[in-house]
Amino acid sequence: MLGIGRRDGIDGAVRFAEFAKRYLSDYAKPKKKHRSVVEDERIIETILLPELGTRKVFAIGRSDIERIHRKMEKTPIYANRVLALLSKMFNLAEAWEERPPFSNPCRHIDRYPESERRRYLTGEELARLSAAIKIAETAEEPEERITPHHALLFRLLLFTGCRLNEILTLKWEHVDFENGLLLLPDSKTGQKTVVLSAPAFQLLSEAPRVADNPYVIAASRRSNGGGYGHATNISRVWERVRTPAGLSDVHVHDLRHTFASVGAGRNLGLPMIGALLGHTQAQTTQRYAHLAADPMRQAANLIAGEISAAMNKKPPGKVVDMGAGRKGAAK
């Protein structure tokens with residue numbers, strides 16, 4: 001029996017471009033998070049449609065998938081993400097009767113080995129980063145300047161261990177000042193409660209607010225539709241900080257890794273670190289086990305306090321001033 005999407009028998013079977021539209025509308029958008037949908041759309045548009053767009057879904061074979069995967073061998077992690085997306089799409093093609101059962105062409109294609117990248121900032125590097133953030137906040141040249149909200153973003157990432165998107169999309173209504181918590185309604189792992197350390201709490205207490213903008217990390221201007229939103233295009237802003245600090249190999253996500261590594265180095269224990277980071281599986285936290293080995297607020301204060309102390313140290317040739325208030329809070 002020919003499945004949904006078929007046209008005029010086998011000769012009119014659905015082509016991959018049409019099938020991809022259905023994948024996005026019937027599966028991805030209803031069931032995946034927005035960021036994942038955006039990434040799927042990008043992969044489909046830039047990688048899959050040029051290779052498979054005009055092909056009929058039932059006729060795509062393993063050699064076609066191997067060719068795509070092999071072309072991306074220099075970017076193994078991304079290549080594996082593309083393979084995972086294709087595998088899911090072809091599983092759905094079977095479920096939607098666009099292909100015979102057990103015919104997924106991604107089967108038996110080995111993924112590339114992925115060497116996990118681990119980069120943590122040392123105390124001296126944290127001091128350099130702090131100095132660079134402070135300098136960028138007050139830079140006279142527009143191409144070297146960052147906004148106070150961008151500076152707040154980078155500091156909060158260090159002092160909370162949150163993911164980038166968790167802080168970017170953080171709204172003031174999610175900040176529980178009375179109990180010192182962030183009540184995130186929709187993180188990568190679902191609803192999440194973040195215990196605020198003293199430095200993080202003080203940053204939020206003193207943070208600038210934009211009238212009528214609900215976001216903590218507010219965009220510098222309204223959107224095209226006239227509404228308010230949160231900051232975006234962080235990679236360009238991050239470059240203005242990491243390059244002067246001599247940290248060109250450090251990614252924004254490494255700030256979260258640094259939070260965890262400091263905790264591991266102080267022997268807080270993996271269960272505690274995993275709880276602070278919002279990990280739902282123990283093996284996710286296990287990556288920090290090689291660095292080590294009371295309540296959660298005390299643990300959060302200990303980690304962020306040590307990071308704050310390192311950031312306030314004087315780097316070679318520079319004077320770092322995170323503000324008297326923050327110095328006091330970190331003690």
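No lab work stands behind these numbers, since they all come straight from the coordinates. Computed from a prediction, not measured in an experiment: that's the story for all the values here. Reconstructed Cβ throughout: ideal geometry from the backbone, glycine too, with neighbour counts over all protein chains shown.
In terms of the Cα gyration tensor, with a ≥ b ≥ c the square roots of its eigenvalues, is the stretch 10-95 rounded because a/c is under 1.5, prolate because a/b exceeds b/c, or oblate?
On the way: a/c = 1.81, a/b = 1.05, b/c = 1.72.
Oblate, since a/c reaches 1.5 and b/c is not below a/b.
Give the order of Glu66, Glu166 when sorted by the count of other beta carbons within 10 angstrom, beginning with the fewest. Please list the in-between numbers first.
Values: Glu66 16, Glu166 22.
By the 10 Å Cβ count, ascending, the order reads Glu66, Glu166.
Looking at this model, which pairs from Lys56/Lys88; Lys29/Lys74; Lys32/Lys74; Lys171/Lys313; Lys32/Lys88 are more than 22 angstrom apart at the alpha-carbon? Flagged as over cut-off: Lys29/Lys74; Lys32/Lys74; Lys171/Lys313.
With contacts taken as Cα pairs under 8 Å and at least 6 residues apart, the stretch 10-95 reaches a relative contact order of 38 percent. State log₁₀ I(q)/I(0) for the stretch 57-197 at q = 0.15, 0.18 Å⁻¹ as given by the Debye formula over alpha-carbon point scatterers of equal weight, solvent excluded. Log10 of I(q)/I(0), two decimals: -0.91, -1.01.
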